[in-house]
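S.K.: Pasting a structure below so you can have a look.
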Amino acid sequence: MSACGAALQPRAGILWLADGGALRCRSAHSLHVLPPTLALWVPQDVPHEVEGLGGAQLRRVGLALPAGVVCATAPASCRVTVAGPLLAALADTLDGTNGERPVTPRQQLGLALAAEEVQSAEPLPIGVALPHSPTLRRACEAALRDGAGDCNLQALAEAANTSMRTLARCFQKELALPFSHWRLQLRLARLVALWAEGRTLSASAAAVGYTSPSALSFRVRRLIGMTPSRLLAERAGAGANPIAPRLSTTAY
């Protein structure tokens with residue numbers, strides 16, 4: 001299935017994958033822009049909007065997971081995992097199931113296996129956290145409009161009509177992360193979106209504020225355990241176990 005700006009209020013959890021291009025998913029609490037190598041699970045009763053970028057065909061699978069199966073380092077209880085060959089194949093087969101209508105015995109087996117794949121895969125700390133407070137919300141929305149190219153604390157403080165010191169405290173207090181970490185997540189989301197549009201990695205890195213792909217690669221690898229080039233690899237070439245992430249909470 002394809003989706004463009006579809007607003008959803010699911011009564012069951014949903015597993016999303018993109019076939020080509022990229023998946024963009026936004027809720028009140030978070031923004032995710034993911035390539036085909038990654039899958040996103042959104043909990044039930046979390047309203048969100050999804051969009052396929054770069055001609056992506058989206059796979060949607062209604063998938064229930066036990067309570068508490070979330071990534072503590074990812075925003076809004078969404079879970080990002082590697083979309084390995086088995087999970088991708090299951091999503092292709094189960095595309096369109098919504099977790100509400102009855103399914104066949106074969107589909108039940110497939111859903112159980114997909115749930116096991118999502119639960120057993122190491123969650124990745126990818127996603128742009130979005131705040132509730134008006135001041136910090138204005139700053140974050142300004143950064144989203146800017147596209148992450150010149151995202152600096154002084155400019156965002158001016159957009160939010162506050163001081164740099166106050167804004168830095170807001171990031172730490174409300175989102176539990178420093179501004180530099182939040183900005184890296186935003187730049188990574190923008191990088192994936194530009195890549196989905198057909199830009200090269202070098203051009204995408206420059207567009208989000210990095211003078212060289214190697215500088216971006218170093219920071220992204222420290223964050224999620226893989227380089228941008230590996231993150232953006234074609235799903236078919238990812239292999240049975242495409243990554244073994246070494247996660248770090250350090251961001252620059």
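The values are calculated or read from the model by the stated rules, or taken from the named source; none is laboratory data. Nothing here was measured: the structure is a model prediction, and the numbers come from that model. Cβ coordinates were reconstructed from backbone atoms using ideal geometry, including for glycine residues, and neighbour counts include every protein chain displayed.
S.K.: When you check Ala193 against the structure, is it assigned to a helix (DSSP H, G or I) and without any contact (Cβ under 8 Å) to a residue 24 or more places away in the chain, yes or no?
M.R.: Taking the combined requirement at face value, the residue does not satisfy it.
S.K.: Among the numbered conditions (1) within 21 Å of the chain's Cα centre (by Cα); (2) buried (at least 22 other Cβ atoms within 10 Å of the Cβ); (3) farther than 20 Å from Leu65 by Cβ, tell me where Leu156 comes up short.
M.R.: Going through (1) within 21 Å of the chain's Cα centre (by Cα); (2) buried (at least 22 other Cβ atoms within 10 Å of the Cβ); (3) farther than 20 Å from Leu65 by Cβ one by one, Leu156 breaks only (1).
S.K.: Considering (1) assigned to a helix (DSSP H, G or I); (2) among the hydrophobic types (A, V, I, L, M, F, W, C); (3) touching a helix residue (DSSP H, G or I) at 6+ places or on another chain (Cβ under 9 Å), say which one Ala89 fails and leave the rest.
M.R.: Status for Ala89: all satisfied but (3).
S.K.: To continue, here is another question. Test Ser229 against the stated conditions and say whether it is modelled with pLDDT under 90, among the hydroxyl-bearing types (Ser, Thr, Tyr), closer than 23 Å to Thr81 by Cβ and surrounded by fewer than 21 Cβ atoms within 10 Å (Cβ to Cβ).
M.R.: yes
S.K.: Here's a follow-up. Please count how many residues of the stretch 24-47 are more than 8 Å from the chain's Cα centre (by Cα) and either closer than 21 Å to Asn98 by Cβ or in a loop (DSSP other than H, G, I, E, B) (or both).
M.R.: Selection size over the stretch 24-47: 15.
S.K.: Another question, then. Which pairs do you get when a residue that is over 19 Å from Gln185 (Cβ atoms) and touching a residue at least 12 places away in the same chain (Cβ under 8 Å), found in the stretch 197-215, comes within reach of a residue that is of a type in the set (Gly, Ala, Ser) and not in a helix (DSSP H, G or I), reach meaning Cβ atoms under 7 angstrom, with the pair 6+ apart or on two chains?
M.R.: Glu197/Gly54; Gly198/Gly54
S.K.: Just need a number here: residues in the stretch 171-181 that are farther than 15 Å from Ala143 by Cα and without any contact (Cβ under 8 Å) to a residue 40 or more places away in the chain.
M.R.: Number satisfying all stated conditions: 3.
S.K.: Picking from Ser204, Ser180, which residue would you name as being within 17 Å of Pro125 (Cα to Cα), over 14 Å from the mean Cα position of the chain (by Cα) and in a helix (DSSP H, G or I)?
M.R.: Ser180
S.K.: Give just the number: which of (1) at pLDDT 90 or above; (2) basic (Lys, Arg); (3) surrounded by fewer than 22 Cβ atoms within 10 Å (Cβ to Cβ); (4) in contact with a helix residue (DSSP H, G or I) (Cβ under 8 Å, 6 or more places away or on another chain) does Arg169 not satisfy?
M.R.: The failed condition is (4).
S.K.: Now a separate question. If Asp146 meets every condition in (1) in contact with a helix residue (DSSP H, G or I) (Cβ under 7 Å, 6 or more places away or on another chain); (2) surrounded by 15 or more Cβ atoms within 10 Å (Cβ to Cβ); (3) not small (Gly, Ala, Ser) apart from one, which number is that one?
M.R.: (1)
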